[in-house]
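Student: Sharing a structure, written as structure tokens. Questions coming.
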Amino acid sequence: MMDSNETVTRTVATSLSSRYSALASRVRELAEPLSQEQFWHKPFSFGNSFGHLVLHLTGNLNYYIGAQIAQTGYVRDRDLEFTDAKQPSKAEIMRRFDEAVAMVTHTTNAQSASDWSSEYTAQREDATNRFDILLRCATHFHLHVGQMIYLTYALQASQPPQ
């Protein structure tokens, strides 16, 4: 039988992992019908493409959780996440995204009761412990999924009738 610390640890880890997995599923669902051109198209001059948002989420997770907690050695170029003109294939970008989410769920599930409150520091972030950064990254992820939903509506509206 688990003690209360273990129960809370498993509840938190399972809930966070489930949230990350559900958000990733939603991103894949939204990306699936997009062509390569649509994936990288910016329908608004003030915003980002769907592809650049996926790059950004991948970089965010790989840096804040991968490099800082899982010690993956990931080096982030945040500005390039929004400006990379190379436009790799949608399949490649989604593969990297899936790898980042898998790393996050694995790292989340590996946390012990004492790990949640372990000190945390990172560039451009004021989270002070591991639970805080995992929660912040989940809410950040959710925010961008909302933007992606809006982008897909705009991209579909700009399609000529078939």
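The values are calculated or read from the model by the stated rules, or taken from the named source; none is laboratory data. Quick caveat: nothing in here was measured; it's all calculated off a predicted structure. Cβ placement follows ideal geometry from the backbone for every residue including glycine, while neighbour counts extend to all protein chains displayed.
Student: For the condition touching a residue at least 60 places away in the same chain (Cβ under 8 Å) and of a type in the set (Gly, Ala, Ser), what is the one hit in Ser117, Ser112? Write out each step before concluding.
Tutor: Values: Ser117 fails: touching a residue at least 60 places away in the same chain (Cβ under 8 Å).
Being touching a residue at least 60 places away in the same chain (Cβ under 8 Å) and of a type in the set (Gly, Ala, Ser) holds for just one of Ser117, Ser112, which is Ser112.
Student: Within segment 1-31, track down each residue that is assigned to a helix (DSSP H, G or I) and among the aliphatic types (A, V, I, L, M). Before the answer, list the steps.
Tutor: Filtering segment 1-31 for residues assigned to a helix (DSSP H, G or I) gives 4-31.
Result: Val8, Val12, Ala13, Leu16, Ala22, Leu23, Ala24, Val27, Leu30, Ala31.
Student: Also: If I ask for residues that are assigned to a loop (DSSP other than H, G, I, E, B), in contact (Cβ under 8 Å) with a residue 40 or more places away in the chain and out of contact with any Lys or Arg (no Cβ under 8 Å at 6 or more places or on another chain), which ones from segment 36-60 would you list?
Tutor: Initially, segment 36-60 is screened for residues assigned to a loop (DSSP other than H, G, I, E, B), giving 41-49.
After this cut, where a residue has to be in contact (Cβ under 8 Å) with a residue 40 or more places away in the chain as well, the list is 41, 43-44, 47-49.
His41, Pro43, Phe44, Gly47 - these are the residues of segment 36-60 that are assigned to a loop (DSSP other than H, G, I, E, B), in contact (Cβ under 8 Å) with a residue 40 or more places away in the chain and out of contact with any Lys or Arg (no Cβ under 8 Å at 6 or more places or on another chain).
Matching residues to (1) aliphatic (A, V, I, L, M); (2) assigned to a loop (DSSP other than H, G, I, E, B):
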{"residue": "Asn62", "(1), (2)": "no, no"}
{"residue": "Gly66", "(1), (2)": "no, no"}
{"residue": "Val75", "(1), (2)": "yes, yes"}
{"residue": "Leu80", "(1), (2)": "yes, no"}
{"residue": "Ala91", "(1), (2)": "yes, no"}
{"residue": "Met94", "(1), (2)": "yes, no"}
{"residue": "Asp98", "(1), (2)": "no, no"}
{"residue": "Val101", "(1), (2)": "yes, no"}
{"residue": "Thr105", "(1), (2)": "no, no"}
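Student: How many of the residues in segment 1-42 are surrounded by 17 or more Cβ atoms within 10 Å (Cβ to Cβ), of a type in the set (Ser, Thr, Tyr) and modelled with pLDDT of 95 or more?
Tutor: Residues meeting the conditions: 2.
Student: If I go through segment 83-119 residue by residue, how many of them are surrounded by 13 or more Cβ atoms within 10 Å (Cβ to Cβ), at pLDDT below 95 and of a type in the set (D, E, K, R)?
Tutor: 1
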